[in-house]
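Accompanying notes for the structure given below.
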């Protein structure tokens with residue numbers, strides 16, 4: 001028997017009164033008051049079919065039970081954690097790279113005064129949390145030692161953790177533990193907890209919220225002709241298996257965020273399929289994060305209209321992701337995105 005997946009689709013974004021568009025039956029995403037949907041797509045590895053929620057009862061019995069369980073996960077209210085509010089879509093995670101070689105802003109904020117100033121600016125512009133990293137994981141980058149990574153992070157973390165909510169972007173268990181002791185609220189491991197086998201033990205020990213990101217390979221080789229049987233469903237299965245593993249070793253809480261890892265072992269086709277169908281990940285029943293900011297897919301799509309900061313492409317893809325119910329966007333240009341979201345929301349109200 002084929003495995004079937006359920007994807008919420010055909011979303012309505014705005015105030016609650018707009019949910020009943022044309023008297024269609026809608027369901028709230030994650031118990032939210034701002035976004036709902038009225039269709040689902042039933043997907044297998046060789047077919048897909050969209051159906052209206054009004055026609056749920058006509059679904060064949062053999063997979064109706066699974067679809068109803070999926071809908072329960074999609075619509076269930078998410079408990080807030082790490083200073084994030086999952087009734088608000090989107091939350092913004094501001095990017096602070098304390099590295100000399102990150103793909104977009106390497107060397108711009110890697111001293112204490114510049115790093116602290118930028119973190120505070122992003123927070124004041126409306127970032128809900130600041131994601132701080134001391135090791136570049138851009139395509140082709142090499143790992144740095146624990147000693148060097150912590151040297152980049154230590155003083156700045158100590159200062160900003162007292163002032164703003166911070167997530168720590170690291171693959172290393174030792175850095176995670178040091179950061180937790182400094183007061184970080186969330187651990188964000190781009191390797192999906194595969195780089196350092198001690199990482200899961202640290203997450204279990206401290207019961208801290210964390211991000212599971214999908215990444216194929218390591219930064220040094222991840223863009224060397226990445227291949228999938230079906231990137232959307234392969235990555236969904238990766239998360240499902242990872243959650244089962246975490247449950248089996250005793251991590252029972254739901255303070256876990258899912259990130260499909262745009263650009264981490266994916267070509268343009270893979271990235272586009274993931275972004276276009278991003279709402280499938282709501283079926284895992286956990287908040288979804290996407291790092292779309294300034295990514296290479298923007299250059300590949302815009303051609304001669306590419307620009308250094310790629311703000312246009314970041315804003316366009318962010319609004320699209322927001323309309324698919326993505327709860328967290330990882331963003332470099334926080335003020336510009338906030339401006340776009342405010343204008344977009346006001347236009348929707350009219």
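Each value in this text was obtained by applying a stated rule to the coordinates, not by laboratory testing. All values derive from a computational prediction rather than experimental measurement. Ideal geometry is used to build each Cβ from the backbone, glycine not excepted, and the neighbour counts take in all protein chains shown.
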(message) Need the full-extension length gain, residue 47 to residue 305, defined as separation in residues times 0.36 nm minus the C-alpha distance. One decimal, nm.
(response) 89.3 nm
(request) Over the chain, calculate the relative contact order: mean separation of alpha carbon pairs under 8 Å at least 6 apart, over the residue count, as a percent. (result) 17 percent
(message) Sort 231, 41, 349, 300 by Cβ crowding within 10 Å, fewest neighbours at the top.
(response) 349, 300, 41, 231
(message) If you fit an axis through the alpha-carbon atoms of helix 311-322 and take the longest principal axis of the Cα set of the chain, what angle between them do you get, 0 to 90°, nearest 10?
(response) 40 degrees
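Defining a contact as two alpha carbons under 8 Å apart and six or more residues distant in sequence, what relative contact order in percent does segment 5-75 show?
Values: 102 pairs, mean separation 23.6, N = 71.
This gives 33 percent for segment 5-75.
Determine, from the Cβ-Cβ distance of residue 323 and residue 225 and an R0 of 41 Å, the FRET efficiency 1/(1 + (r/R0)^6), rounded to the nearest 0.05.
Working: r = 32 Å, r/R0 = 0.78.
The formula returns an efficiency of 0.80 here.
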(request) Would you please classify the overall shape of segment 91-349 from the alpha carbon gyration tensor, given that a ≥ b ≥ c denote the square roots of the eigenvalues, rounded means a/c under 1.5, and beyond that prolate means a/b larger than b/c while oblate covers the rest? (result) rounded
(request) For the chain, find the longest principal axis of its Cα atoms and tell me its angle to the long axis of helix 61-75, 0 to 90°, nearest 10. (result) 40 degrees
(request) Considering only DSSP beta bridges where both residues belong to the chain, give the percentage that are antiparallel (nearest 5). (result) 40 percent
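In deg cm²/dmol, rounded to 500, what helix-only [θ] at 222 nm does the chain give when every DSSP H run of at least 4 residues adds -39500 (n - 2.57) and the total is split over its residues? Mind showing how you got there, number by number?
Values: 10 runs with 124 residues, N = 350.
Calculated from helices alone, the mean residue ellipticity at 222 nm is -11000 deg cm²/dmol.
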(message) For the chain, take the longest principal axis of its alpha carbons; what is the angle in degrees between that and the long axis of helix 146-160, to the nearest 10 within 0 to 90?
(response) 80 degrees
